[in-house]
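Before any comments, here is the structure.
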Amino acid sequence: MGWKAAQKLIQNWKIVRGDNVMIIRGKDKGETGVIKRVIRSQNRVIVEGKNLVKKHIKQGQGHEGGIFTVEAPLHASNVQIVDPVTGKPCKVGTRYLEDGTKVRISRGIGASGSIIPRPEILKIRTTPRPTVAGPKDTPMELVLEQTYEAKTGKGMPDL
């Protein structure tokens with residue numbers, strides 16, 4: 001789609017991929033769905049199976065042409081997270097628990113004030129972490145080498 005970059009970007013995103021949201025404006029108003037993708041450079045989100053539009057694609061090498069139905073991005077202000085207890089759209093706030101962990105809570109009129117859990121899909125990494133050391137990684141023996149002794153002051157640079 002030919003969207004321009006947003007004039008004023010959202011700094012603190014309260015919506016993440018995998019959240020259950022309700023569309024509050026537009027042709028699919030009142031319907032709920034799961035966030036498929038967040039486009040932060042445009043302040044837009046793609047909701048799975050919602051805001052469907054017809055797209056004409058020209059035939060080219062290796063792909064068939066035709067008219068396809070695709071999900072168009074929605075502005076982030078047109079969706080709200082669904083309260084896990086009441087099932088109604090709500091605003092999102094943050095709180096710190098007694099153990100110091102930061103959690104999202106539902107707030108606003110008619111909200112239950114319950115914790116909104118982080119989606120399980122965020123725990124799955126799209127690119128796996130490397131398990132073997134690469135050519136630019138520091139060798140383990142250099143990492144573990146002790147270069148400073150606190151008691152004697154050995155290894156302290158002369159300033």
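The values are calculated or read from the model by the stated rules, or taken from the named source; none is laboratory data. This is a predicted model, so every value here is computed, not measured. Neighbour counts are summed over all protein chains in view; Cβ atoms, including those assigned to glycine, are modelled from backbone coordinates with ideal geometry.
Counting the residues of the stretch 106-132 that are in a helix (DSSP H, G or I), surrounded by 10 or more Cβ atoms within 10 Å (Cβ to Cβ) and either over 15 Å from the mean Cα position of the chain (by Cα) or acidic (Asp, Glu) (or both) gives 0.
Residue 70 meets the conditions (1) surrounded by 13 or more Cβ atoms within 10 Å (Cβ to Cβ); (2) out of contact with any Gly (no Cβ under 9 Å at 6 or more places or on another chain); (3) outside any loop (DSSP other than H, G, I, E, B) in every case but one. The failed one is (1).
The number of residues in the stretch 133-151 that are among the hydrophobic types (A, V, I, L, M, F, W, C), surrounded by fewer than 10 Cβ atoms within 10 Å (Cβ to Cβ) and part of a loop (DSSP other than H, G, I, E, B) comes to 1. Inspect all residues belonging to the stretch 83-98 and state whether any of them is in contact with a Pro (Cβ under 9 Å, 6 or more places away or on another chain), closer than 15 Å to residue 22 by Cα and of a type in the set (Val, Ile, Thr). No: the stretch 83-98 contains no residue that is in contact with a Pro (Cβ under 9 Å, 6 or more places away or on another chain), closer than 15 Å to residue 22 by Cα and of a type in the set (Val, Ile, Thr). Just so you know, in the stretch 1-47 the residues that are loosely packed, with under 11 Cβ neighbours inside 10 Å and charged (D, E, K, R) include one that is modelled with the highest pLDDT, and it is 29. If the condition is being in a strand (DSSP E or B), touching a Ser or Thr at 6+ places or on another chain (Cβ under 9 Å) and within 22 Å of residue 87 (Cβ to Cβ), then the stretch 15-52 contributes 20, 21, 22, 23, 47. Taken over the stretch 85-105, the criterion of being surrounded by fewer than 15 Cβ atoms within 10 Å (Cβ to Cβ), within 17 Å of the chain's Cα centre (by Cα) and of a type in the set (Val, Ile, Thr) is satisfied by 94, 103. Restricting attention to the stretch 141-155, which residues are among the aliphatic types (A, V, I, L, M) and over 43 Å from the mean Cα position of the chain (by Cα)? Within the stretch 141-155, 150 is the sole residue that qualifies. Here residue 80 passes the criteria (1) exposed (fewer than 10 other Cβ atoms within 10 Å of the Cβ); (2) free of Cβ contacts under 8 Å to residues at least 60 places away in the same chain; (3) closer than 19 Å to residue 15 by Cβ except the one numbered (1).
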